[in-house]
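Undergrad: Below is a structure I'd like to ask you about.
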Amino acid sequence: MIESSVFTVEPWAVAEPTLHLDLLAQTESIFALSNGHIGLRGNLDEGEPHAIPGTYLNGFFETLPMPHAEGGYGYPEEGQSLIDVTNGQLIRLLVDDEPFDIRYGTLLRHERALDLRDGVLRREVEWVSPVGQAVRIRSARLVSFVQRAVAAICYEVEPIGAPARIVLQSTLVANEPVPEHQDDPRAAAALRAPLVGEYHAHEDLEAELGHRTRRSGLRIAAGIDHVVEGPAGTVSSSESEPDLARVTISTELAPGQRLRVIKLLAYGWSSGRSMPALRDQVDAALAAAKRTGWEGLLAGQRAYLDELWDGADVEVEGDPALQQAVRFALFQSVQAAARAERRAIPAKGLTGRGYDGHTFWDMETYTLPVLTYTAPDTVRDALHWRHSTLPQARERARELRLAGAAFPWRTIRGEECSGYWPAGTAAFHINADIADAVRRYVAATGDAEFERGPGLELLVETARLWLSLGHHDAEGCFRIDGVTGPDEYTALVDNNVFTNLMAARNFWAAADAAIRHPERALELHVNEREIDAWRKAADAVVVPFDDEFGVTAQSEGFTRYRSWDFEATSDADYPLLLHYPYYLLYSSQVIKQAADLVFAMYICSECFDPELKRRNFEYYEAITVRDSSLSAAIQAIVAAEVGHLDLAYRYFRETAYVDLHDTSGNTADGLHLASLAGTWLVAVAGFGGMRDHGDTLAFAPRLPASLTRLTFRLLYQGRRLRVEVHPDHARYELLAGEPLHLLHHGEPFTVATDSPQVRACPATPEVPRVSPPPGRGTGRQSVGAEGSGTVLDPPHDSI
């Protein structure tokens, strides 16, 4: 748990005014920088002390064995794990031959701040060496949004009070020791020193290392170059060996003088290109960065983020700490994808190796909905990556004796990496989640070219999967049996509502897109008979309902499962999956996360009337234990819609602070990207009431008493829209683009650039008070077991 006093409350920064060594692992994640291609954990410049050193490249992984106690048909035999690559962050400082290490000497001052407006991590230190020499150190670090292959560090040192001999060692190091898998020695062995040296070189202020992975066959080249500003007499040298390259800079400084070093860092990697080609790529990236210069890199970073915030900022009035958390959440969501460019968005972004760097369903259901309206080009890239994995998904479907494509529950390159069938492959809903992300992106952008190309193919192949996975029963109803919905405490069920409704939407989206693009559909061998079969299945999909209780059953028979004894369940028994057998969980009315039936009421809102939503929410709220960080955001959205505004606000804060307060106890393994994206969803879809499932963007805003104003901006069909919500009214302003037709609490209106519209917000209906299960109230600390240890960990979000 991180106390609220650790970071100062500022609207545009996350600042740590005092170093907390006991929180080093968490702050390494919080201060991580990324552009979706390169990720640097917020390790100290000098490298030690550290908790988890981390330099990551999106999609750069090692394969490892996936043993099963008892094998079975269709079980994956090999896993994939993101690895720590060549570390170029290190800049070691020696002051009069004494290494700068905050654990020794006297630390007078230590401040770090992540600036959300320019994407730079800054650090200022004043330190007295064990022999009494004082120095002032300033560093700034960025991972470029403009020059994708480049990161840069500006490092300055000056003596205080007396002259000092200064030596800087700027280093590249490969195969540095990292925490190992403790519960699987075979995985640990496969990931120990995973890089094999292929070349090393140095000249003047440059140095490079080239490696390949032992098993996955990937190659990586890393290079550094420097710009040095120091007094006369400053000298430098360089050296290299297979796993180490170093540039050393030495000078003597008098008080008032400083040594300033700009370190430029570049990476190239590939599964197919040769090492000479990668080396050339790195050389070119370094040359381009050197020409741009530090100030140019800073300017590019600021310009990129200025454009982002201009079209996507969220303002929260009435809770300054929440305002900070909301902007931090959006910044992290965007930097995880900004330059990923046809690679996946991992569940932890590139902030840590949690979940082995895998991508799951929450990319499409949490992260991409945010990016669709804030940075839509990144969504196109992410969906292109999904499309690139179609060959593996088709092969997986064939292996499972199904038609179409069966996308993996967790993966890096497209192969299934989940070793636990009930909470892995059986969660077929990921295929409909992908289809819905396609539908949303096309509706929000009007990108007909994408829809005609990879979009239609994704829709068609996933629709074919559902038609083969489900069946029409004797009454003509379309059933999907033996699957797992998003709630991992209820597995292998019949007619999971989320799954069935999303499959129906998948059918409709595929049918409509095929009709819009008949020539392309013909190339995919889609005919009228198949389209008719999709429509019939969508119309006949089963949605279980309990007439006695008057609620939708999460899956067939769920409301008849045994009741869970929450009063007898102690705090120490959570998360339940670590303390109870799956049989008991799977046969009881206990919900791990609201991202199931409650999620269906949000994402398929049109399928439930308001009164049924209220009854459903109240029923499931009482049995949802939130053993997953995915839960609070969805509970907040639906709570706001049905009138539980104060409860929604508490869940808003819970999801917003999941990492800044480390409420799940595992921020050290990387940030919870879906929860951070969920923060934006609560603001916009919860209190803004935005729904995007129809032909017209709809809003139904309502504010909790704790907030006096909520303003958000979004991009939609080539327009920029600003929505400002007050307790009694909402103002809609079109900042750019053609007039736009919208809905406000069901009433249509049109907004134009010269005609902002103000609409009254109806009073919130009176609803009975609802509460989570005993001991599971909002704002609690919930230390869970994240699947960062091994690919054998069954659930994705046991946190």
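Undergrad: Those residues that are surrounded by fewer than 20 Cβ atoms within 10 Å (Cβ to Cβ) and either farther than 19 Å from E156 by Cβ or not aliphatic (A, V, I, L, M) (or both), I need them from region 119-132; list them, please. Working first, answer last.
TA: Our first condition is that a residue be surrounded by fewer than 20 Cβ atoms within 10 Å (Cβ to Cβ); within region 119-132, this holds for 122, 124, 126, 128, 130-132.
Matches in region 119-132: R122, E124, E126, P130, V131, G132.
Undergrad: Just one of (1) out of contact with any Pro (no Cβ under 6 Å at 6 or more places or on another chain); (2) surrounded by 22 or more Cβ atoms within 10 Å (Cβ to Cβ); (3) touching a residue at least 40 places away in the same chain (Cβ under 8 Å) trips up W12, so point out which.
TA: (2)
Undergrad: Now a separate question. Looking only at region 494-550, which residues are assigned to a loop (DSSP other than H, G, I, E, B) and either open to solvent by less than 30 Å² (accessible area, probe 1.4 Å) or farther than 21 Å from K613 by Cα (or both)?
TA: Taking region 494-550 as the starting set, the residues that turn out to be assigned to a loop (DSSP other than H, G, I, E, B) are 494-496, 517, 524-527, 540, 542-544, 547-550.
If the condition is that a residue be assigned to a loop (DSSP other than H, G, I, E, B) and either open to solvent by less than 30 Å² (accessible area, probe 1.4 Å) or farther than 21 Å from K613 by Cα (or both), then D494, N495, N496, H517, L524, H525, V526, N527, A540, V542, P544, G550 are the ones that fit.
Undergrad: If you don't mind, another one. Report, by residue number, each residue of region 357-395 that is assigned to a helix (DSSP H, G or I) and touching a Pro at 6+ places or on another chain (Cβ under 7 Å). Step through it out loud before you land on a result.
TA: Of region 357-395, the ones assigned to a helix (DSSP H, G or I) are 357, 362-372, 376-388, 390-395.
Residues satisfying the conditions are G357, L383, H384, H387.
Undergrad: Can you say whether Y56 is surrounded by fewer than 18 Cβ atoms within 10 Å (Cβ to Cβ) and either modelled with pLDDT of 95 or more or touching a Gly at 6+ places or on another chain (Cβ under 9 Å) (or both), as far as the supplied structure shows?
TA: For Y56, the condition - surrounded by fewer than 18 Cβ atoms within 10 Å (Cβ to Cβ) and either modelled with pLDDT of 95 or more or touching a Gly at 6+ places or on another chain (Cβ under 9 Å) (or both) - is not met.
Undergrad: For region 576-594, name all the residues that are over 15 Å from A553 (Cα atoms) and either open to solvent by 20 Å² or more (accessible area, probe 1.4 Å) or more than 25 Å from the chain's Cα centre (by Cα) (or both).
TA: If the condition is that a residue be over 15 Å from A553 (Cα atoms) and either open to solvent by 20 Å² or more (accessible area, probe 1.4 Å) or more than 25 Å from the chain's Cα centre (by Cα) (or both), then L577, L578, H579, Y580, P581, Y582, Y583, L584, L585 are the ones that fit.
Undergrad: Inside region 15-33, can you point out the residues that are surrounded by fewer than 19 Cβ atoms within 10 Å (Cβ to Cβ) and either under 15 Å from the mean Cα position of the chain (by Cα) or charged (D, E, K, R) (or both)?
TA: Scanning region 15-33 gives a single hit, D22.
Undergrad: With the requirement that a residue be open to solvent by 10 Å² or more (accessible area, probe 1.4 Å) and part of a loop (DSSP other than H, G, I, E, B), what does region 474-487 give you?
TA: Looking only at region 474-487, we keep the residues that are open to solvent by 10 Å² or more (accessible area, probe 1.4 Å), and these are 474-477, 479, 481-482.
Within region 474-487, A474, E475, G476, C477, D481, G482 meet the criteria.
Undergrad: Residue by residue through region 61-96, note down the ones that are of a type outside the set (G, A, S), over 22 Å from R246 (Cβ atoms) and in a strand (DSSP E or B).
TA: Those that are of a type outside the set (G, A, S), over 22 Å from R246 (Cβ atoms) and in a strand (DSSP E or B): F61, E62, T63, L64, P65, E78, Q80, L82.
Undergrad: Sticking with this one: Which one is farthest from R380 (Cα to Cα), of the residues in region 309-343 that are among the hydrophobic types (A, V, I, L, M, F, W, C) and not in a helix (DSSP H, G or I)? Give the steps one after another, and end with the answer.
TA: Our first condition is that a residue be among the hydrophobic types (A, V, I, L, M, F, W, C); within region 309-343, this holds for 309, 312, 314, 316, 321-322, 325-326, 328-331, 334, 336-338, 340.
Subsequent filtering for residues that are not in a helix (DSSP H, G or I) retains 314, 316, 336-338, 340.
Numbers: V314: 23, V316: 29, A336: 14, A337: 11, A338: 11, A340: 11 Å.
Per the stated criteria, the residue is V316.
Undergrad: If you take the residues in region 403-448 that are of a type in the set (K, R) and assigned to a helix (DSSP H, G or I), which one is most open to solvent (accessible area, probe 1.4 Å)? Before you say what the answer is, go through the steps one by one.
TA: So in region 403-448, the residues of a type in the set (K, R) come out as 410, 413, 439-440.
Remaining after also requiring assigned to a helix (DSSP H, G or I): 439-440.
On the way: R439: 47, R440: 14 Å².
Among residues in region 403-448 that are of a type in the set (K, R) and assigned to a helix (DSSP H, G or I), the one most open to solvent (accessible area, probe 1.4 Å) is R439.
Undergrad: I need the strands (runs of 3 or more DSSP E) fully contained in region 686-786, keeping only those with at least 2 residues that are out of contact with any Pro (no Cβ under 6 Å at 6 or more places or on another chain) and open to solvent by 60 Å² or more (accessible area, probe 1.4 Å).
TA: Working: elements: 709-716, 719-725, 729-736, 740-744, 747-751, 757-760.
So the answer is 747-751, 757-760.
Undergrad: Moving on. Identify all residues within region 301-310 that are open to solvent by less than 20 Å² (accessible area, probe 1.4 Å) and either closer than 27 Å to T248 by Cα or not hydrophobic (A, V, I, L, M, F, W, C) (or both); write none if there are none.
TA: Passing the criteria: only Q301.
Undergrad: Could you check region 228-281 and list, in sequence order, the residues that are part of a strand (DSSP E or B) and open to solvent by 60 Å² or more (accessible area, probe 1.4 Å)? Walk me through how you get there before you give the answer.
TA: First pass over region 228-281, keeping only residues part of a strand (DSSP E or B): 228-229, 235-241, 244-253, 259-270.
Scanning region 228-281 gives E229, V235, S236, S237, E239, E241, E252.
Undergrad: Next question, about the same structure. Hey, among the residues in region 212-227 that are more than 28 Å from the chain's Cα centre (by Cα) and buried (at least 20 other Cβ atoms within 10 Å of the Cβ), which one's nearest to G59 (Cα to Cα)?
TA: The selected residue is I224.
Undergrad: Can you go through E457, E451, E399 and tell me which one is on the phi < 0 side of the Ramachandran plot, among the acidic types (D, E) and surrounded by fewer than 18 Cβ atoms within 10 Å (Cβ to Cβ)? Write out each step before concluding.
TA: Working: E457 fails: surrounded by fewer than 18 Cβ atoms within 10 Å (Cβ to Cβ); E451 fails: surrounded by fewer than 18 Cβ atoms within 10 Å (Cβ to Cβ).
Of the residues listed, the single one that is on the phi < 0 side of the Ramachandran plot, among the acidic types (D, E) and surrounded by fewer than 18 Cβ atoms within 10 Å (Cβ to Cβ) is E399.
Undergrad: Where residues in region 100-114 are surrounded by 18 or more Cβ atoms within 10 Å (Cβ to Cβ) and touching a Phe, Trp or Tyr at 6+ places or on another chain (Cβ under 7 Å), which of them is farthest from Q26 (Cα to Cα)? Break it down stepwise before answering.
TA: First pass over region 100-114, keeping only residues surrounded by 18 or more Cβ atoms within 10 Å (Cβ to Cβ): 100-101, 105, 110, 112-114.
Narrowing the set further to residues that are touching a Phe, Trp or Tyr at 6+ places or on another chain (Cβ under 7 Å) leaves 100, 105, 112, 114.
On the way: F100: 22, G105: 24, R112: 14, L114: 14 Å.
Per the criteria, the residue is G105.
Undergrad: Here is a further query. Which residues, counting only those in region 97-118, are in a strand (DSSP E or B) and under 30 Å from R327 (Cβ atoms)?
TA: Of region 97-118, the ones in a strand (DSSP E or B) are 98-99, 106-115.
Across region 97-118, the qualifying residues are L107, R109, H110, E111, R112, A113, L114, D115.
Undergrad: Select, from E611, E641, E654, the only residue that is open to solvent by 10 Å² or more (accessible area, probe 1.4 Å), assigned to a helix (DSSP H, G or I), of a type in the set (D, E) and within 23 Å of T499 (Cβ to Cβ).
TA: On the way: E611 fails: within 23 Å of T499 (Cβ to Cβ); E654 fails: within 23 Å of T499 (Cβ to Cβ).
Of E611, E641, E654, the one residue that is open to solvent by 10 Å² or more (accessible area, probe 1.4 Å), assigned to a helix (DSSP H, G or I), of a type in the set (D, E) and within 23 Å of T499 (Cβ to Cβ) is E641.
Undergrad: One residue is enough: does region 653-675 have a residue meeting the conditions free of Cβ contacts under 8 Å to residues at least 60 places away in the same chain, hydrophobic (A, V, I, L, M, F, W, C), touching a strand residue (DSSP E or B) at 6+ places or on another chain (Cβ under 8 Å) and under 27 Å from M601 (Cβ atoms)?
TA: no
Undergrad: Could you grab the pairs with beta carbons closer than 9 Å, sequence gap of 6+ or different chains, first residue in region 50-69 and over 22 Å from A340 (Cβ atoms), second one outside any strand (DSSP E or B) and aromatic (F, W, Y)?
TA: These pairs meet every condition: M66/Y75; H68/Y75.
Undergrad: Another question, then. Please indicate, with yes or no, whether at least one residue in region 34-45 is assigned to a loop (DSSP other than H, G, I, E, B), at positive phi and open to solvent by less than 10 Å² (accessible area, probe 1.4 Å). Steps first, please.
TA: Initial filter on region 34-45 (assigned to a loop (DSSP other than H, G, I, E, B)): 35-37, 41-45.
Imposing the further condition that a residue be at positive phi reduces the set to 36.
Adding the requirement that they be open to solvent by less than 10 Å² (accessible area, probe 1.4 Å) leaves 36.
The answer is yes; a qualifying residue exists.
Undergrad: Can I ask one more? State yes or no: is L286 open to solvent by less than 60 Å² (accessible area, probe 1.4 Å), touching a Leu at 6+ places or on another chain (Cβ under 8 Å) and not in a helix (DSSP H, G or I)? Spell out how you get there, then give the answer.
TA: On the way: open to solvent by less than 60 Å² (accessible area, probe 1.4 Å): yes; touching a Leu at 6+ places or on another chain (Cβ under 8 Å): yes; not in a helix (DSSP H, G or I): no.
No: the conditions fail for L286.
The values are calculated or read from the model by the stated rules, or taken from the named source; none is laboratory data. In this text, all values refer to a predicted model and were calculated from it rather than measured experimentally. Virtual Cβ from ideal backbone geometry, glycine too; neighbours counted across all protein chains shown. To get the accessible areas, we keep the full protein, side chains included, count just its heavy atoms, and leave off ligands, DNA and RNA. Shrake-Rupley method; radii C 1.70, N 1.55, O 1.52, S 1.80 Å.
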